[in-house]
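Rule-based calculations on the coordinates, nothing more; no lab input. The structure presented is a predicted model; accordingly, all values stated were derived computationally and were not measured. Cβ atoms come from the backbone with ideal geometry, glycine included; neighbour counts cover every protein chain shown.
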Amino acid sequence: MLDLNEIEILQVALAHEERARAYYGRQAALHGTSPAGDLFDFLAREEEGHIRKLSAKFGVPKHEAKWEHRFLPYMIDLDRIAREEEGAGESDAIRKGLAVAKRAEEHAVEFYGKAAEAVEDRNTKGLLSELREEERTHLARIEELLNRV
């Protein structure tokens, strides 16, 4: 169970989506027009869409996506995970980026599942469940490419 109220859950969601968007954007630039670069570009755009949905529908200001410090216990540090991954060559860099993305999406699926259970508002519950399903789709695409690399 999450020890957060509904607004705090939305703030954590925004912060997570912003972290993921930034990471995927850096990976897209790093890998260019390769299949991995295309997937990272897609994921970055998807996370931007999630930020817009969370911000617009519930009036949580987009700038709160940067308010990570308060929500660190609920966040995943993608840059730290990336530093911990091993690898040097191009295929290793792709595998490393995808492994980090996989962990981010797994975290998002878990968070949105718990968050949907924690909130009472039907609309918020619906949005969080929708985001969870989108993150599951992202996870499947990442795993598919990981299996091909």
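If I stretch the segment between Glu143 and Ala29 completely, what's the gain in nm (0.36 nm per residue apart, minus their alpha carbon distance), one decimal? Mind dumping the intermediate values first?
Numbers: separation 114, 0.36 × 114 = 41.04 nm, distance 2.03 nm.
Net length gain for the segment: 39.0 nm.
Separation between the Glu120 and Arg52 pseudo-spin-labels, each 7 Å from Cα along Cα→Cβ, expressed in nm?
For Glu120 paired with Arg52, the spin-label model returns 3.3 nm.
Each residue of the stretch 46-51 in turn: what ³J(HN,Hα) in whole Hz from Karplus with 6.51, -1.76, 1.60 and θ = phi - 60°, glycine and Pro shown as x?
Working through the residues one at a time gives 5, 5, 4, x, 5, 4 Hz.
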